[in-house]
Structure formats: structure tokens, C-alpha cells
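What follows is one structure encoded as C-alpha cells, with my remarks underneath.
The values are calculated or read from the model by the stated rules, or taken from the named source; none is laboratory data. From a predicted model like this one, the values you see are computed outputs, not experimental measurements. Cβ placement follows ideal geometry from the backbone for every residue including glycine, while neighbour counts extend to all protein chains displayed.
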Amino acid sequence: MKLLLKETYLAMAKNSPGSKIFQTLLAEVDGEEVNILKGGDVSCAYFVSTLLKIFDLVKTPHATVSGLEKDLMQSGWSKSEEMIPGAILIWKATAQAGDEMHEHVGIYLGNDVAVSNSYKELVPVEHHATFDNKRKVRAIYTHTFLL
């Protein structure tokens, strides 16, 4: 038997929409226990990095896009011009709930479809890779694992 890890990674990404497991990351802040993901409002990096950690494609899960991006670069990911299934997409910052500016990260599934955590639905959702040309991809990261 041979495990098909790349195929399993892609299947997990495709099967993630609707999952609530990425809504909570507890931390102690000023002596208080706080869900730093705000119930799924800011869970995109945690969703992507947790999936990647399962396959040892990053060192640790992350709560921020900047922390995840640093880990990607240290874990063998490289910037690319090409979106291939499984690639990590980072979108430019835009305003979301509360008018806070946030970058966004997700996983490219192929055929112009990506999956990322929705701050509106508070769970991962499938969507167009550029949100129907409403959000510009700032960076694409690929890994030899995906080839």
C-alpha cells in the first residue's frame, strides 16, 4: 500500500467547506482566555496552516497571514506565477468586518476555484480564485509536494 498524500491534501481542502473546527484558537491575553480567531472571523491563516501542518508542509499552525507566509518560505515553498491545485494564494488586504484591513489566504483547488475561510460565514467556503476579479492575488506559493 502507498499513501497518496498530495491527493489526500487536495481532498481535505475540497472537503473543508462548512467545517467549524477552525473557529477557535484560545490564547491567554492579559490574564484572560480569549478566542483570538473571533469565532471564525479571522480564521483564514489558521485554516490553511492547520491543513498544511497535517502534512508537515509548515512548522506550526498560525493565526496570521504574515506568520504563515514566513513559515511557508522557511518550509520549502516558493513564489510562483502559476496557480496549480494545492497552491497557497495570498490576496491583497481589503476591509472586512469593522472596516479593519486584512490580507487573506486560501488554497487553490483548480479550475479558477479556491477554498478559504469566510469572515461572513465563519467557516471555509469555495469561491472563485479572485472572488470574481474583486480581490487581487498578491502571492502564489507552490511546493515540490504538489508536483
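Residue pairs whose Cβ atoms lie under 8 Å apart, sitting 6 or more positions apart in sequence or on different chains, and linking a residue in the stretch 108-135 that is among the β-branched types (V, I, T) to a partner that is surrounded by fewer than 15 Cβ atoms within 10 Å (Cβ to Cβ), are V113/H128; V123/G18; V123/S19; V123/K20; V125/G18; T130/D112; T130/K136.
Residue count for the stretch 13-34, restricted to those that are surrounded by 15 or more Cβ atoms within 10 Å (Cβ to Cβ) and more than 13 Å from S118 (Cβ to Cβ): 3. For the stretch 112-147, residues that are among the polar types (S, T, N, Q) and part of a loop (DSSP other than H, G, I, E, B) total 3. Looking at the stretch 87-111 only, could you name the residues that are under 21 Å from Y9 (Cα atoms) and assigned to a loop (DSSP other than H, G, I, E, B)? Scanning the stretch 87-111 gives A87, N111.
Of the residues making up the stretch 68-94, those that are surrounded by 14 or more Cβ atoms within 10 Å (Cβ to Cβ), closer than 20 Å to K136 by Cα and of a type in the set (G, A, S) number 4.
If only one of D41, D99 is surrounded by fewer than 16 Cβ atoms within 10 Å (Cβ to Cβ), at pLDDT below 95 and out of contact with any Asp or Glu (no Cβ under 8 Å at 6 or more places or on another chain), which one is it?
Values: D41 fails: surrounded by fewer than 16 Cβ atoms within 10 Å (Cβ to Cβ).
Of the residues listed, the single one that is surrounded by fewer than 16 Cβ atoms within 10 Å (Cβ to Cβ), at pLDDT below 95 and out of contact with any Asp or Glu (no Cβ under 8 Å at 6 or more places or on another chain) is D99.
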